[in-house]
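Trainee: Structure provided below as structure tokens; questions to follow.
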Amino acid sequence: MKFQLLFLFFIVLSSAQGQSKNPLENVVITTNQNKTQVSANENGALLINVSPQDVQKFKTNKLVSYSDFGAKGDGKTDDLDAITATHAFANMHSLSVKADDGATYYIGGNNRTAVIQTNTNFGKASFLIDDTNVQNRNTHVFTVSSSLQPFKLKGISSLKRNQEKIDVTLPGTCLVTVTNAKVKRYIRFGANQNNGSPQTDIFIVDKNGNLDLNAPIIWDFDQITDITALPIDDTNLTITGGRFTTIANNAESKYTYYSRGIAIRRSNVVVDGLEHRVTGEGDSGAPYGGFINVGDCAYVTVKNTLLTGRKMYRTIGAAGVPVSIGSYDISINRALNVSFVNCSQTNDINDSRYWGILGSNFCKNLVYDGCTFSRFDAHMGVANATIRNSTLGHQGINAIGSGKLIVENSTIYSRSLINLRSDYGSTWQGELVIRNCTFVPTGGRLNNISLIGGSYSGQHDFGYICYMPERITIENLRIDDSKHSKEYQGPAIFSNFNPKKTDDSYQEQFPYVKTKEVFLKNITIISGKTLRLSDNLYMFKDVKVNKD
């Protein structure tokens, strides 16, 4: 019988730590009278033959399982080739994939990625991901991708902040990413200092060129060095179940991030009921870039999911001093409208041995709803974020960005209720709203407690003007400051952002735009102390505080 050959090529994007791209994956699928089997050639290409009888059976059932392609599920045999082959065939014929309940799929360190383009039910199966001997730490185990292809946009030479329409006609709604490599933003300050990142943005455009103003353009682009559109799939792709365990790497503790999980690079994805645990963390280990790694996509929901905070290691930072290495089970980069609903983590959210579970960059409209996590964090900016019905642990809420930051019906355990990251200029260009929350300051018997934390000297160029929230509204806040020191004078709205700025003699080379108004209503302080403005009254002397 004549062979039918289909070459499927996929490029898996690297994670946000600036790592190199994975090599080109290649899969060859044939159909002949031989039995269904999977093998790899000397060049690493995956060779899949599916018998005509099995092709017909799979199409009739509209479903394939890993065992159909030879997966043993015994927890010892490396099943990654069989898993990859199952998804490749399912992608070719638009079939769903179901893991075998009760199976344990061992996944070793081979340099291969299973590409998911159809609904997948991991069910009650277990997946053991062994990172102790990995060929390529940048290779994701799974990548959720679109069959739609990105394309370059022509004829657009500039863009403006909050622009409502661009002069293009598109095949449908697209996710557009734009870069001006001539301008640097987010020029980091401190122990992990760097020279910044090229100005970038991501937004949604309909077929007529109209932008979704719920995720607006946040920069002026006087010139554009790259602009790419990726069509958005009309339907949801769902991933359900699965019990994943990572056997952690024991590599040297330095900034060599591992990307060994599920990368989501398709819009309109729902992950429901997944569990991820970590074992084997020792005295040293390289950090992780997110078991769930979301990037270059929109409309992603992760719900009813259990994740794990990673052990904290230390190394020498860019400034030549010791630093803690950020290591994440969730990473979100250049993504819009991403929500975590009813999610939690396996370890204690207040155990400082484990790093905060999430890191994000260049995102818009991030949501926690009903989550119990050690941290929310926006490194290189988020436009609009909401935390509701949640409990956050020892690393609290860390953010810089713009738009509205809303925290409601939540309990926060950290040194500040909101920490505006000082390494990126403690900037939030917009509004902060806190409603119906409980703040439990941590760190033993505290002397200084502030609601809004941060630091700004005015002597470093971050690549943008730095702002404090223009308007801050705090309603129905309970501050449990019962564990305070004898010297404690009561909580402050603002921490002392610049102890040197105590009179007009201090000049900021890069002036800080301060908060204009604070609205306070129904603030309960357990110690009985009074809520103060700040230890630095001069710096915040022009802030208008309204009490109801």
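The values are calculated or read from the model by the stated rules, or taken from the named source; none is laboratory data. Worth saying up front: this structure is predicted, and the values here are computed from it rather than measured. Here Cβ is always computed from backbone atoms with ideal geometry, including for glycine, and neighbour counts include all displayed protein chains.
Trainee: Looking for something in contact with a Ser or Thr (Cβ under 6 Å, 6 or more places away or on another chain), more than 30 Å from A286 (Cβ to Cβ) and either modelled with pLDDT under 95 or surrounded by fewer than 20 Cβ atoms within 10 Å (Cβ to Cβ) (or both) - is there at least one such residue anywhere in region 155-177?
Mentor: No, region 155-177 has no match at all.
Per-residue answers, yes or no, for (1) within 31 Å of the chain's Cα centre (by Cα); (2) in contact (Cβ under 8 Å) with a residue 40 or more places away in the chain; (3) outside the structural domain of S422 (by TED's automatic domain parsing):
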| site | (1), (2), (3) |
| --- | --- |
| I472 | yes, yes, no |
| D481 | no, yes, no |
| Q509 | no, yes, no |
| K529 | no, yes, no |
| D542 | no, no, no |
| D548 | no, no, no |
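Trainee: All but one of (1) part of a loop (DSSP other than H, G, I, E, B); (2) out of contact with any strand residue (DSSP E or B) (no Cβ under 6 Å at 6 or more places or on another chain); (3) within 30 Å of S455 (Cα to Cα); (4) not acidic (D, E) hold for A191; state the number of the condition that does not hold.
Mentor: It is condition (2) that A191 fails.
Trainee: Mind checking whether some residue in region 235-245 is part of a loop (DSSP other than H, G, I, E, B) and either touching a strand residue (DSSP E or B) at 6+ places or on another chain (Cβ under 9 Å) or closer than 20 Å to N268 by Cβ (or both)?
Mentor: Yes; the residues of region 235-245 include at least one that is part of a loop (DSSP other than H, G, I, E, B) and either touching a strand residue (DSSP E or B) at 6+ places or on another chain (Cβ under 9 Å) or closer than 20 Å to N268 by Cβ (or both).
Trainee: Report, by residue number, each residue of region 238-262 that is farther than 12 Å from V300 by Cα and hydrophobic (A, V, I, L, M, F, W, C).
Mentor: Narrowing region 238-262 to residues farther than 12 Å from V300 by Cα: 240-262.
The answer is F244, I247, A248, A251, I262.
Trainee: Name the strands (runs of 3 or more DSSP E) wholly inside region 493-548 in which the number of residues that are within 15 Å of N448 (Cβ to Cβ) is 3 or more.
Mentor: Numbers: elements: 517-525, 532-534, 544-547.
Where strands (runs of 3 or more DSSP E) fall fully within region 493-548 and carry at least 3 residues being within 15 Å of N448 (Cβ to Cβ), they are 532-534.
Trainee: A follow-up question, please. Among L24, L13, which is surrounded by fewer than 13 Cβ atoms within 10 Å (Cβ to Cβ), of a type in the set (A, V, I, L, M), modelled with pLDDT under 95 and in the same structural domain as L95 (by TED's automatic domain parsing)? Show your work before the answer.
Mentor: On the way: L13 fails: surrounded by fewer than 13 Cβ atoms within 10 Å (Cβ to Cβ).
Step by step, each of L24, L13 is checked, and only L24 is surrounded by fewer than 13 Cβ atoms within 10 Å (Cβ to Cβ), of a type in the set (A, V, I, L, M), modelled with pLDDT under 95 and in the same structural domain as L95 (by TED's automatic domain parsing).
Trainee: Still on this structure: Could you figure out which of (1) closer than 17 Å to T179 by Cβ; (2) in the same structural domain as R277 (by TED's automatic domain parsing) isn't true of I239?
Mentor: Going through the list (1) closer than 17 Å to T179 by Cβ; (2) in the same structural domain as R277 (by TED's automatic domain parsing), I239 breaks only (1).
Trainee: Let me ask another. If we scan region 298-312, do we find a residue that is polar (S, T, N, Q) and at pLDDT below 95? Steps first, answer last, please.
Mentor: As a first pass, look at region 298-312 and keep what is polar (S, T, N, Q): 301, 304-305, 308.
With at pLDDT below 95 added as a condition, the list becomes none.
No: zero hits.
Trainee: Restricting to region 37-78, give me the number of residues that are surrounded by 13 or more Cβ atoms within 10 Å (Cβ to Cβ), among the hydroxyl-bearing types (S, T, Y) and more than 24 Å from D101 (Cα to Cα).
Mentor: Count: 1.
Trainee: Being in contact with a helix residue (DSSP H, G or I) (Cβ under 7 Å, 6 or more places away or on another chain) and either farther than 29 Å from T256 by Cβ or not acidic (D, E) (or both) is the requirement here; does A103 meet it? Show your work before the answer.
Mentor: Values: in contact with a helix residue (DSSP H, G or I) (Cβ under 7 Å, 6 or more places away or on another chain): no; either farther than 29 Å from T256 by Cβ or not acidic (D, E) (or both): yes.
When the stated conditions are applied, A103 does not pass them.
Trainee: Ok, one more. What pairs come out if I take residues in region 87-110 that are under 26 Å from T132 (Cα atoms) and pair them with residues that are of a type in the set (V, I, T) and assigned to a strand (DSSP E or B) whose C-beta lies under 7 Å away, six or more apart or interchain?
Mentor: Here the result reads H87/V97; H87/V115; H87/I116; Y106/T77; I107/I129, each pair linking region 87-110 to a residue that is of a type in the set (V, I, T) and assigned to a strand (DSSP E or B).
Trainee: From the residues in region 244-272 that are within 19 Å of the chain's Cα centre (by Cα) and among the basic types (K, R), which one is surrounded by the most Cβ atoms within 10 Å (Cβ to Cβ)?
Mentor: R260
Trainee: Something else about it: Just to be sure I understand the filter: pairs with C-beta atoms under 9 Å, separated by 6 or more residues or on different chains, first member in region 38-49 and closer than 11 Å to A88 by Cα, second member at pLDDT below 90 and surrounded by fewer than 19 Cβ atoms within 10 Å (Cβ to Cβ). Which pairs pass?
Mentor: Short answer, once both residue conditions are applied: L46/N26.
Trainee: Hey, can you tell me all the residues within region 446-483 that are in a loop (DSSP other than H, G, I, E, B) and among the small types (G, A, S)? Step through it out loud before you land on a result.
Mentor: Residues of region 446-483 in a loop (DSSP other than H, G, I, E, B): 447-449, 454-466, 468-470, 480-483.
Of everything in region 446-483, those that are in a loop (DSSP other than H, G, I, E, B) and among the small types (G, A, S) turn out to be G454, S455, S457, G458, G463, S482.
Trainee: Might you let me know whether region 117-132 holds any residue that is assigned to a loop (DSSP other than H, G, I, E, B) and either more than 23 Å from the chain's Cα centre (by Cα) or under 23 Å from D226 (Cβ atoms) (or both)?
Mentor: To start, the set of residues in region 117-132 that are assigned to a loop (DSSP other than H, G, I, E, B) comprises 117-119, 131-132.
Cutting the leftovers down to either more than 23 Å from the chain's Cα centre (by Cα) or under 23 Å from D226 (Cβ atoms) (or both) gives us 132.
Scanning region 117-132 turns up at least one residue that is assigned to a loop (DSSP other than H, G, I, E, B) and either more than 23 Å from the chain's Cα centre (by Cα) or under 23 Å from D226 (Cβ atoms) (or both).
Every residue, every condition in (1) assigned by TED's automatic domain parsing to the domain that holds Q429; (2) under 24 Å from Y288 (Cα atoms); (3) touching an Asp or Glu at 6+ places or on another chain (Cβ under 8 Å); (4) not in a strand (DSSP E or B), yes or no:
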{"site": "H140", "(1), (2), (3), (4)": "no, yes, no, yes"}
{"site": "T143", "(1), (2), (3), (4)": "no, yes, no, no"}
{"site": "V168", "(1), (2), (3), (4)": "no, no, no, yes"}
{"site": "P171", "(1), (2), (3), (4)": "no, no, no, yes"}
{"site": "V178", "(1), (2), (3), (4)": "no, no, yes, no"}
{"site": "Q199", "(1), (2), (3), (4)": "no, no, no, no"}
{"site": "I204", "(1), (2), (3), (4)": "no, no, yes, no"}
{"site": "I224", "(1), (2), (3), (4)": "no, no, no, yes"}
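Trainee: So the check is Cβ under 8 Å with 6+ separation or different chains; which pairs have a first residue in region 278-291 that's more than 12 Å from Y354 (Cβ to Cβ) and a second one that's among the small types (G, A, S) and assigned to a strand (DSSP E or B)?
Mentor: G289/S331; G290/S331; G290/G359
Trainee: Checking D461 against (1) of a type outside the set (S, T, N, Q); (2) modelled with pLDDT under 95; (3) closer than 24 Å to V183 by Cβ, only one condition comes out false. Which one?
Mentor: (2)
Trainee: While we're on this one: Could you please give the count of residues in region 373-407 that are surrounded by fewer than 24 Cβ atoms within 10 Å (Cβ to Cβ) and more than 16 Å from the chain's Cα centre (by Cα)?
Mentor: Residues flagged as surrounded by fewer than 24 Cβ atoms within 10 Å (Cβ to Cβ) and more than 16 Å from the chain's Cα centre (by Cα) within region 373-407 amount to 8.
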